[in-house]
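Written below as structure tokens is the structure these notes are about.
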Amino acid sequence: MVRFLRMNAVASLTEKSQSLDSVGIEETQTETITRPNRSRRILPGFHLTLGFTIFYLSAIVLIPLTALLLKTVTPTADYPSVLKVVGHVVRVVTDVRALDSYRLSFGLSFAAALLNGIFGFIAAWALVRYSFAGRRVLDALVDLPFAMPTSVAGLALTQVFAANGGYIGQWLNEMFGWKIAYTPWGILIALIFIGFPFVVRTLQPVLAELAAEVEEAAACLGANRWQTFRRVIFPAVSPALLTGVMLAFGRGVGEYGSIVFISSMIPYATEITPQLIIIKLEEFDYVGAAGLGLAMLVMSFGIVATVNLLQHFAARRKGTT
Amino acid sequence: MRRANSDPGAARFLLIALLFAFVLFFLVFPVCVVVYEALRGGFALYFSALTADHSVSAIRLTLLVALAVVPLNTIFGVCAAWAVTHFKFRGKALLISLIEIPLWVSPVIGGLIFALIFGRQGFLGPWLDAHDIQIMFAYPAIVLATAFVTFPFVARGLIPLMQSQGSAEEEAALTLGANGWQLFWRVTFPKIKWGILYGMILCNARAMGEFGAVSVVAGSVDDRITMPLQIEQYFLNFGLQQAFALASLLLLLSALTLAIKIALEWRHLAPNIVHRH
């Protein structure tokens, strides 16, 4: 999940290697081929593969996403002018019910991402730095939330945390009067489950690449282990930690499958934004649903932009030291 | 004596203990719960839950959806990786960023966009209604929504892999007189087949387990919903045992996926796709 962020950097690499391919052949062919642009492409299949790529990308991703945008400005029978459509979209998106759902979705995702930052750091540190029996198995199990369908996770977590007959929930309820499932706490637990691997998988390579010499130098200069960690190790890995936390945050904001099971979806209280979108659709308020979808899209884009900025920042810092 | 870059024994013990506690409690325990709940009533009840009409139709639809989505996204992934890694063209970085959109968009939006096009009040809704073509709440919309959500899975793995392999061998084959088709099947395919399989495995797992996007376009019409949605239906209708039986099948799928993924990473793709230490 994390690797895709690196691809932007990869693109510039290809361009470098491609410029080597065009050396030499051009001279002999320019007279016969009128379009010099084509003669640079040595391998076959450029138009076929790029054509299909763009066609399929448009059909599955770009055109449908454009429809979302268009829906928020296209007049309908209920809202006969552009102004009225936009007015309705603004009303739905800034409605108290919508605002409450953002607060829940973003607040809980953020809390879960921060907790995953702590758990994920501990896990990544132990997995990279220590050798112990079962390390490889634990390392493999970290990917479980990636591989497991969200509905299965939601079903299982509900059965564990239900106050009425749950494996742990029943006990928590009787001992402390705590209710987890069907409250915001249940959503938090589902989001921790979903986001955990993002932090671990982002941190692992960075922790592994950390040079031992730097820590040794810190120790030589009289730092104790805690000072070395706080002043030397933590600053070096903090961009990666932040990236992992933001990725978990972004994933949590859009999560729906597991939360359906563990949340009671009460309006204004435990209703997340994706659920509100589905309710609007079921009420045939397509314009309102599109507006909420657009709002989520913009906010997710903000999270992705932040992640990319962090990566850029980390890469630059790595270059200067 | 302790080395300068190793931690005190107590800290080490504490961190390893915390790791075990977290993984066992949060990841392993829920898995055990699914298996236990599914088999609690005995094998006879388990099999009757799996062979109930709703379960069978959900399993069938899930397989049919994956059968359409995985090949489509695989062909796309190979084409995209070929175009991006072997040629230089304007807007390449933009193309790569666009391919990744479905990764950061909420799955519910993946369903919503198709509802806005094909739904009753969608752009094509009235026309489809007039011509009696069923897309929403049926197989086509489920395939589209699933294809959106799993869109980048094959491409994302193949691009870095083919990047690291370069174009030199393909160019050599070209000078030896291979045509485009021979070039791909004889030279490129053997080099990337494990990468393709890796992407297909991940794509398949997500396609079969997708909930959010499919729930928007499939609604809750019986006989027309996939396994994850049928699990929800059982759960809502107090069919907990059936829900867990069906969930155990998906769990088996994810265990298989994880096993194949790890085997591929260790054996074939270690230096390229995976940045494992």
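The values are calculated or read from the model by the stated rules, or taken from the named source; none is laboratory data. Keep in mind the model is a prediction, meaning the values are calculated, not measured. When we count neighbours, we look across all protein chains shown, and the Cβ atoms used for this are built from the backbone with ideal geometry, even at glycine.
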Test each condition in (1) within 14 Å of B:PRO30 (Cα to Cα); (2) aliphatic (A, V, I, L, M); (3) touching a residue at least 24 places away in the same chain (Cβ under 8 Å) for A:VAL160 and report the one that comes out false.
(3)
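Here's the yes/no breakdown for (1) more than 29 Å from A:PHE229 (Cα to Cα); (2) modelled with pLDDT of 90 or more; (3) at the interface with chain B (Cβ under 10 Å from one of its Cβ atoms):
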{"site": "A:ALA113", "(1), (2), (3)": "no, yes, no"}
{"site": "A:LEU127", "(1), (2), (3)": "no, yes, yes"}
{"site": "A:ALA153", "(1), (2), (3)": "yes, yes, yes"}
{"site": "A:ALA162", "(1), (2), (3)": "yes, no, no"}
{"site": "A:TYR167", "(1), (2), (3)": "yes, no, yes"}
{"site": "A:ILE192", "(1), (2), (3)": "no, yes, yes"}
Selection from the stretch B:164-189 of residues that are more than 10 Å from chain A (Cβ to nearest Cβ), of a type in the set (A, V, I, L, M) and surrounded by 13 or more Cβ atoms within 10 Å (Cβ to Cβ):
B:VAL187
The stretch A:37-76, residues that are hydroxyl-bearing (Ser, Thr, Tyr), surrounded by fewer than 20 Cβ atoms within 10 Å (Cβ to Cβ) and more than 25 Å from the chain's Cα centre (by Cα)
A:SER39, A:THR74, A:THR76
Please list, ordered by residue number, the helices (runs of 4 or more DSSP H) wholly in the stretch B:98-165 having 2 or more residues that are farther than 30 Å from B:GLU265 by Cβ.
B:107-118, B:125-130, B:139-149
B:LEU67 vs (1) assigned to a helix (DSSP H, G or I); (2) under 25 Å from A:LYS280 (Cβ atoms); (3) not aromatic (Phe, Trp, Tyr): all pass except (2)
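Consider A:GLY250 carefully, then state whether it is under 20 Å from A:MET148 (Cα atoms), touching a Phe, Trp or Tyr at 6+ places or on another chain (Cβ under 8 Å) and of a type outside the set (S, T, N, Q). Full working, then the answer.
Values: under 20 Å from A:MET148 (Cα atoms): yes; touching a Phe, Trp or Tyr at 6+ places or on another chain (Cβ under 8 Å): yes; of a type outside the set (S, T, N, Q): yes.
In short, yes.
Of all residues in the stretch B:202-238 being free of Cβ contacts under 8 Å to residues at least 12 places away in the same chain and on the phi < 0 side of the Ramachandran plot, which is farthest from the other protein chains (Cβ to nearest Cβ)? Please lay out each step first, then the result.
Here is the first cut: in the stretch B:202-238, the residues free of Cβ contacts under 8 Å to residues at least 12 places away in the same chain are B:235-238.
Subset that is on the phi < 0 side of the Ramachandran plot: B:235-237.
Numbers: B:PHE235: 6, B:LEU236: 9, B:ASN237: 13 Å.
Only one residue fits best here, namely B:ASN237.
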Does the stretch B:37-47 contain any residue that is under 29 Å from B:VAL216 (Cα atoms), more than 15 Å from the chain's Cα centre (by Cα), within 9 Å of another protein chain (Cβ to nearest Cβ) and not acidic (Asp, Glu)?
no
Just for the stretch B:186-217: of the residues that are in contact with a helix residue (DSSP H, G or I) (Cβ under 7 Å, 6 or more places away or on another chain) and of a type in the set (Phe, Trp, Tyr), which one is nearest to B:LEU250 (Cα to Cα)?
B:PHE211
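Please list, ordered by residue number, the helices (runs of 4 or more DSSP H) wholly in the stretch A:77-182 having 1 or more residues that are surrounded by fewer than 18 Cβ atoms within 10 Å (Cβ to Cβ). Break it down stepwise before answering.
On the way: elements: A:82-93, A:96-129, A:135-141, A:144-147, A:150-161, A:169-176.
Once the helices (runs of 4 or more DSSP H) in the stretch A:77-182 are filtered for at least 1 residues that are surrounded by fewer than 18 Cβ atoms within 10 Å (Cβ to Cβ), what remains is A:82-93, A:96-129, A:135-141, A:169-176.
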Please enumerate the residues belonging to the stretch B:172-226 that are in a helix (DSSP H, G or I), charged (D, E, K, R) and either modelled with pLDDT under 90 or closer than 24 Å to A:GLY257 by Cβ (or both).
B:ARG206
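Based on what the data block shows, is B:LEU18 without any contact (Cβ under 8 Å) to a residue 40 or more places away in the chain and at the interface with chain A (Cβ under 7 Å from one of its Cβ atoms)?
On the way: without any contact (Cβ under 8 Å) to a residue 40 or more places away in the chain: yes; at the interface with chain A (Cβ under 7 Å from one of its Cβ atoms): yes.
It is true that B:LEU18 is without any contact (Cβ under 8 Å) to a residue 40 or more places away in the chain and at the interface with chain A (Cβ under 7 Å from one of its Cβ atoms).
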Got a sec? Which of B:PHE20, B:PHE29, B:PHE25 is closer than 26 Å to A:ALA140 by Cα and touching a Gly at 6+ places or on another chain (Cβ under 9 Å)?
B:PHE20
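Matching residues to (1) touching a Phe, Trp or Tyr at 6+ places or on another chain (Cβ under 7 Å); (2) within 7 Å of chain A (Cβ to nearest Cβ); (3) without any contact (Cβ under 8 Å) to a residue 24 or more places away in the chain; (4) more than 17 Å from B:ALA68 (Cα to Cα):
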| site | (1), (2), (3), (4) |
| --- | --- |
| B:LYS92 | no, yes, yes, yes |
| B:GLU100 | yes, yes, no, yes |
| B:ALA115 | no, yes, no, yes |
| B:ILE142 | no, no, no, no |
| B:MET162 | no, no, no, yes |
Scanning the stretch A:271-321 for residues that are over 28 Å from A:ARG97 (Cβ atoms) and not in a helix (DSSP H, G or I) gives A:THR321
